[in-house]
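This report refers to the structure that appears directly beneath it.
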Amino acid sequence: MTDRLRQLLHRFRFRFRFLFRSAQLDCDLDAEMCGPQQAKEQHREARGLPFLDTLVQDLRFAFRMLRKSPGFTAMAVLTLGLGIGANTAIFSVVNSALLRPLAYREPQQLYLVREIVPQMAKFAPTLGANIPDFRIWQKQVHSFADIAIAESTSADLSGAGEPEVIRGVRASANIFDVLGAQPALGRAFLPEEDQAGRGNVVLLTDAFWRARFSGNPSALGKTMVLDGVPHEIVGILPASFRFPAALGGANNTTRVAFFEPLNGLKFYEEGLIGEFDFGALARLKPGVSPEQALAELNVVQAQIAKQASEGVDLLGALKPLEAEVIGPARLGLIFLLGAVGVVLLIVCANLAGLLLTRVPGRMREAAIRVALGATRARVIRQMLTETFLLSLAGGALGVWISVFAVKWFVHLAPVAIPRLDEVQMDARVLAFALLASIATGCLFGILPAWGVTRFAPLDTLKSASAATTENRKTRRLREALVGFEVALTTLLLILAGLLTASLGQLLRDNAGFAVQNVLVAGVDLPPQSYSQPDVRLHFYDLVLAGIQSWPGVQAAGWVSLPPLAGEGSVTGIRLPGDQQPNAERTVANYRPVSPGYFSAMGIPLLKGSFFGPADRGRKVVIVSQSIADRFWPGKNPIGQTCVTEWGPDVAAQVVGVVGDIRTVRLDEPPLMMVYVPEKWTNAYTVPTSASIVLRTANDPAASAGAIRQLIHGIDADVPITSVHPMTQIVSQSVDDRRFPMFLAIAFAVFSLVLASLGIFGVAGYSVEQRRQELGIRMALGADRKRLSRMVLRQGLAPVALGLATGVVAAIFAGRLIRSLLFGVSAHDPLMFGIVALVVAIVATVASYIPARRAMRVDPIVALRYE
């Protein structure tokens, strides 16, 4: 060790020891020296660590100053805690959904593979994959390291307790290899289990295994009866495993219970241009770009189209799995993060305004410090230490609040927000909270600290009082902060108002069906007991007969898929003699229904008649208004013939036209619908899964228990998938709009409260500072009401400027949220006017109270004030 290094270490040890023995060393210094205080300070700096020493001094002084104002300190910490906590909670969701990589091996190499039939692009821009094409890709697309397919499925679980329908995934045996995941117990699928007759095995998810088998490892090797067929349990997946919803995985309302291999092809999956029902997931080889893989895929697709000889083209599309998982939720999450960030800015502006009111009282203290030799930078650093203490305390409180806020958010958030089950407080979230605390300390502390040092020390020390009068620059700065708060508050209120109006318009919009007094119950008939259509039809007849005997029931029926449940059987419809290629023909959603369905669901009859008992088995259809307008514009569609392509081509007669309904979502346009009677032309028109719909004269929820008893009284082995009033179904369908609206309203109201407090504080402090001036004016004969109007006018001046700025900002911000609105313009003048009126009223009330106080100023007392 060199002498130089040894000296440095000795000096550091000596300086570090000084931090803990400063009092003793000061006594020694006093005994040894009688020099001036400045010499003592220089000696302290030479023997200690100056930065740490002064930091400790600043912290001690800051604690004392904050302890002297417990009310202000508590209010500031609580306000910061709420602002930082809300930001931390929303960021934790954004972090999990948008920033953290997917929990798979090298997720950036995973791409969804979609198929494109250009002739069908106007109806379906992209399609899923089918098994024959997948087999060809496996062999011929060498850019893929591996590729797998999967689809959502369900099964009736029986054999122990009440029968139930559980959700699952049917996938190729290599699906877990592509994702880079392995079972926690047991094994994955074997390649041969994709073959017919070899795939009666399942892997269970951790949640289902614990719920059904109490987490007992002995479940491996046991059998589960799914759809009447025994399946061996060969593996248990890890608790951390999340299967992508884009491939048929879980969301917040549907939990996957099991995975099963392909187990061969079903009869409708054999065509090269056929059922595009699967999600395909490819892992690119290292060094292969998506563009290279897509070019090779399209060469193979052209060969498949030629081999199929269907007269259509075939292309491919690659989309990063991460982009598909996040999907349209990205914009909504960014909007929420931006909104809560605006709230934090308002918090900072509010606290900065409050601290500026304390500036005159701190000027004399700062002047004395400067007179004793302190630099302005030193004074600013000492004052910033106070604000950093406040922000760090608020940050700690915010982290504690965010823990509960995240749980609340995850519990109430809609299913459209991805990866909610992965939300957690990790190191990145804590780092964000720390940075947010430091940033807020800088934002609301730097202006007051700068304001304290913008003075002439000699003039300040000449002041006769302990406080110094606020100068014009400081007052204008506080007014600017108020205008800034009002502008941000106006922006949030307008955006929240637009989202609220959008949801209201969506719920008021005609969905095409009745919502009130309607109950929907889903059933899933076990295939082993109900393999014949006549048996299924007899079950539905018994259920409807039982329901119609209840008092208060006005109508009852069944349908294969109710409104807002998504698309069902989608296939072509054409006029007789239409020679258009198959891919270019009109497609419609097909629904088998019972005669009473339309009355029970409140779907209006526009022309013709509903189905009757005599239509069972006849080749007749009821079409929606959109189909009638497309095929027979200006004509009477009743009695016309159309060719349905659902199953074999059938020439059917139109007997009725009903109104269009919202089939998938309330905010999506109605789809073309074709309704067919029970047991129409083939066995598949009597579905194994259906929804029983009944309309009552009273609360439909009261019939939920009765319908369960009725169904299980007919057959105890029939699983009931759901029983919900239609009002609940409609409400759940707009959850992805309602939740951001509620958060935006909460943020906007919170910001309005803060802005009103800021306006009140500025106006009130202005009256307090001008007490002597107001007393002189009154002593000289000024009218009290006139003085009150003057104070009110001065308090509202920054509000008017902030209001105008907020309206302009909302005009630009409205363009960014246009996709989140329904039936409402992003520049709705009525909403802008309502918000402006609300802000103006709140600001007037906040300014009026100090103005009234100005009227009560006693001139004699005010003249004695100094």
Notebook entry, point to check: How large is the Kirkwood hydrodynamic radius of the stretch 175-222, in angstrom, based on all distinct alpha carbon pairs?
Noted result: 12.1 Å
Note to self: Cα atoms only: what Rg and Dmax, in Å, come out for the stretch 496-655?
What the structure shows: 18.3, 54
Notebook entry, point to check: How far is it, in nm, from the label point at Q195 to the one at A124 when both lie 7 Å from their Cα along the line to the Cβ?
Noted result: 3.1 nm
Next item on the list: Using only alpha carbon positions, build the gyration tensor of the stretch 627-727, then give the equivalent ellipsoid semi-axes as the square roots of 5 times its eigenvalues, largest first, whole angstrom.
Entry: 32, 20, 12
Item checked: Net charge of neighbours whose Cβ lies under 14 Å from the Cβ of W550, counting Lys and Arg as +1 and Asp and Glu as -1 -> +1
Notebook entry, point to check: For labels at D227 and S609 in the simple 7 Å Cα→Cβ model, what's the distance in nm?
Noted result: 3.9 nm
Notebook entry, point to check: Taking the Cα centre of each part, how many Å lie between the stretch 68-120 and the stretch 140-187?
Noted result: 29 Å
Item checked: Theoretical FRET efficiency, 1/(1+(r/R0)^6), r = Cβ-Cβ of D717 and W408, R0 35 Å, to 0.05 -> 0.30
Notebook entry, point to check: Rg(Cα) of the stretch 103-238 divided by 2.2 N^0.38 Å?
Noted result: 1.21
Next item on the list: Report the net charge of residues surrounding D524, where surrounding means a beta-carbon distance below 10 angstrom and charges are Lys +1, Arg +1, Asp -1, Glu -1.
Entry: -3
Next item on the list: For a label point 7 Å from the Cα of L265 along Cα→C-beta, name the residues of the stretch 134-173 whose backbone N is under 13 Å from it.
Entry: 134-137
Next item on the list: Could you calculate the FRET efficiency of V643 with V845 from 1/(1 + (r/R0)^6), where r is the beta carbon distance between them and R0 is 60 Å, rounded to 0.05?
Entry: 0.30
Note to self: What lysines does K319 reach when the alpha-carbon gap must be under 24 Å and sequence neighbours fewer than 8 apart in one chain are set aside?
What the structure shows: K122, K139, K285
Next item on the list: Report the trypsin sites (Lys or Arg not before Pro) located in the stretch 158-210 that are in a DSSP loop and have at most 11 other Cβ atoms inside 10 Å of their Cβ, or state none.
Entry: none
Checklist line | Additional length obtainable on full extension of the chain from E291 to D313, 0.36 nm per residue less Cα span | finding: 5.9 nm
Check: Got a sec? Which residues in the stretch 565-607 would a label at A651 touch, if it sits 7 Å along Cα→Cβ and we count backbone N under 11 Å?
Finding: 576-577
Check: With r defined as the distance between the Cβ atoms of Q57 and L78 and R0 fixed at 22 Å, what FRET efficiency is calculated, to the nearest 0.05?
Finding: 0.20
Note to self: Let's test this: bin the Cα-Cα distances of the stretch 203-353 at 5 Å from zero up to the farthest pair and state each bin's percent.
What the structure shows: 1, 6, 10, 11, 13, 12, 12, 11, 9, 6, 4, 2, 2, 1, 0, 0
Next item on the list: Over every pair of different alpha-carbon atoms in the stretch 583-673, take the mean of 1/r and invert it; report that Kirkwood radius in Å.
Entry: 13.8 Å
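No value in this document is a laboratory result; all are computed from the given coordinates. A quick note: this is a predicted structure, and the numbers were derived from the prediction, not measured. All Cβ positions, even for glycine, are placed from backbone atoms using ideal geometry, and neighbour counts span all protein chains on display.
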